[in-house]
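For reference, the structure is listed below as structure tokens.
The values are calculated or read from the model by the stated rules, or taken from the named source; none is laboratory data. Please read all numbers here as calculations on a predicted model, not as lab measurements. Here the Cβ positions follow ideal geometry from the backbone for every residue, glycine too, while neighbour counts run over all protein chains shown. These accessible areas exclude ligands, DNA and RNA; they are computed on the full protein's heavy atoms, side chains included. Shrake-Rupley method; radii C 1.70, N 1.55, O 1.52, S 1.80 Å.
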Amino acid sequence: MHFVRIGNRAINLDLVSHCEVQAWHDTVSVKVFMTGTANNTPVVLNEDEATLFWKYMEYVAEKPV
């Protein structure tokens, strides 16, 4: 299990199926869709939480295996 703590939430990255990023002028929101959730309801991160999460995801994507 790979957890990341963003704000007051802990997100298990093993359960993330996909993310959607919405940028509007200077605000950013990220919708995190996870496997196994009812109706695939996303976790929505706004402003600071969204930028922190997205920076972490970019870091993990560029990290060599």
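Listing for the model above:
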read-out	value
Answer from E47, E62 - the residue that is of a type in the set (D, E) and either under 13 Å from the mean Cα position of the chain (by Cα) or under 13 Å from I6 (Cβ atoms) (or both)	E47
Sole exception among (1) in contact with a helix residue (DSSP H, G or I) (Cβ under 6 Å, 6 or more places away or on another chain); (2) modelled with pLDDT of 85 or more; (3) among the aliphatic types (A, V, I, L, M) for V21, by number	(1)
Test: A10 is among the small types (G, A, S), in contact with a strand residue (DSSP E or B) (Cβ under 9 Å, 6 or more places away or on another chain), at pLDDT below 90 and open to solvent by 70 Å² or more (accessible area, probe 1.4 Å)	no
Tabulated pairs, region 42-65, first within 13 Å of V21 (Cβ to Cβ) and without any contact (Cβ under 8 Å) to a residue 60 or more places away in the chain, second open to solvent by less than 60 Å² (accessible area, probe 1.4 Å) and of a type in the set (S, T, Y), C-beta under 6 angstrom, 6+ apart or interchain	N46/S29; A50/S29
Lone unmet requirement of (1) open to solvent by 60 Å² or more (accessible area, probe 1.4 Å); (2) on the phi < 0 side of the Ramachandran plot; (3) in contact with a helix residue (DSSP H, G or I) (Cβ under 7 Å, 6 or more places away or on another chain) for S29	(1)
